[in-house]
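S.K.: Sending over a structure as structure tokens; questions will come in a sec.
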Amino acid sequence: MTAQHGTAPGTKRRSETSRRAILTAAFELVGEVGYAKLSIEGIAARAGVGKQTIYRWWPSKGAVLFDAFLMLSEGEDESAALPDTGDLEADLKAVLRATVAELNDPRYDEPMRALNTEILHDPALAAAYAERLDGPMKELKRQRLRSAQRAGQLSGDLDLDVAIEMLWGPLLNRWLQRSGPLTPEYADTVVETALHGLRPR
């Protein structure tokens, strides 16, 4: 009998089914029990797989949770640009308001806080986050700001990375520290302050 190489189609389907079950279980459990009580054993039990299956694919529960976030965007157009209507202020307000809505969504609050905490302590996870999620998102933001530069709406020598931090940083800081209400009106104020500056007009 000739040896067969590769993975059989049925095995691939089972592997994908198991992967999605594990990621869904991790996302659901962290919202229910919190990250401190989240365990590989608990994820495996919820997903109906052996824990060795999880350890074979992921090095830590933080890595599982990160992939669970990435699974949420599967099927979406990852190259979708930020809105560019020609009105930079309106476009940024729309995007930051959407960010506020996502940060306030109770389905994502605990999982996102857990992921942020784990990134602080896991350099490998931080590098994966920067490469696979944060980096591509920052490039979309740079593209929108470059468009505004070409239109003469922003200074040509503007440091785009600093501009991005000025726009999105206050929202993330307020959300992480729970230092004040995270509202659409706050998002609008951040955009207006970033674009028009701190000096009197």
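S.K.: So for segment 172-179 (the condition being part of a helix (DSSP H, G or I), out of contact with any Phe, Trp or Tyr (no Cβ under 6 Å at 6 or more places or on another chain) and crowded, with 17+ Cβ neighbours inside 10 Å), does at least one residue qualify?
M.R.: Yes, some residue in segment 172-179 is part of a helix (DSSP H, G or I), out of contact with any Phe, Trp or Tyr (no Cβ under 6 Å at 6 or more places or on another chain) and crowded, with 17+ Cβ neighbours inside 10 Å.
S.K.: I've got another one for you. How many residues does segment 114-135 hold that are charged (D, E, K, R), touching a residue at least 40 places away in the same chain (Cβ under 8 Å) and surrounded by fewer than 16 Cβ atoms within 10 Å (Cβ to Cβ)?
M.R.: Final tally of qualifying residues: 1.
S.K.: Residue under question is THR99, and the condition is that it be among the β-branched types (Val, Ile, Thr), under 12 Å from the mean Cα position of the chain (by Cα) and at pLDDT 90 or above; does it hold?
M.R.: Numbers: among the β-branched types (Val, Ile, Thr): yes; under 12 Å from the mean Cα position of the chain (by Cα): yes; at pLDDT 90 or above: yes.
In short, yes.
S.K.: Let me ask something else about it. Tell me which residues, restricted to segment 68-81, are surrounded by 15 or more Cβ atoms within 10 Å (Cβ to Cβ) and either among the hydroxyl-bearing types (Ser, Thr, Tyr) or modelled with pLDDT of 95 or more (or both).
M.R.: Listed by number, the list is empty, since nothing qualifies.
S.K.: Additional query: Kindly indicate whether GLU41 is surrounded by fewer than 18 Cβ atoms within 10 Å (Cβ to Cβ), of a type in the set (D, E, K, R) and part of a helix (DSSP H, G or I). Walk me through it before giving the result.
M.R.: Values: surrounded by fewer than 18 Cβ atoms within 10 Å (Cβ to Cβ): yes; of a type in the set (D, E, K, R): yes; part of a helix (DSSP H, G or I): yes.
When the stated conditions are applied, GLU41 passes them.
S.K.: Let me ask something else. Which is at pLDDT below 95 and over 14 Å from the mean Cα position of the chain (by Cα), of LEU125, LEU145, LEU120, LEU154?
M.R.: Of LEU125, LEU145, LEU120, LEU154, the one residue that is at pLDDT below 95 and over 14 Å from the mean Cα position of the chain (by Cα) is LEU120.
S.K.: Checking the condition of a type outside the set (A, V, I, L, M) and at positive phi, which residue from ARG178, ARG132 passes?
M.R.: Selected residue: ARG178, the only one of ARG178, ARG132 that is of a type outside the set (A, V, I, L, M) and at positive phi.
The values are calculated or read from the model by the stated rules, or taken from the named source; none is laboratory data. A quick note: this is a predicted structure, and the numbers were derived from the prediction, not measured. Here the Cβ is made from the backbone with ideal geometry for all residues, glycine too, and neighbour counts use every protein chain on show.
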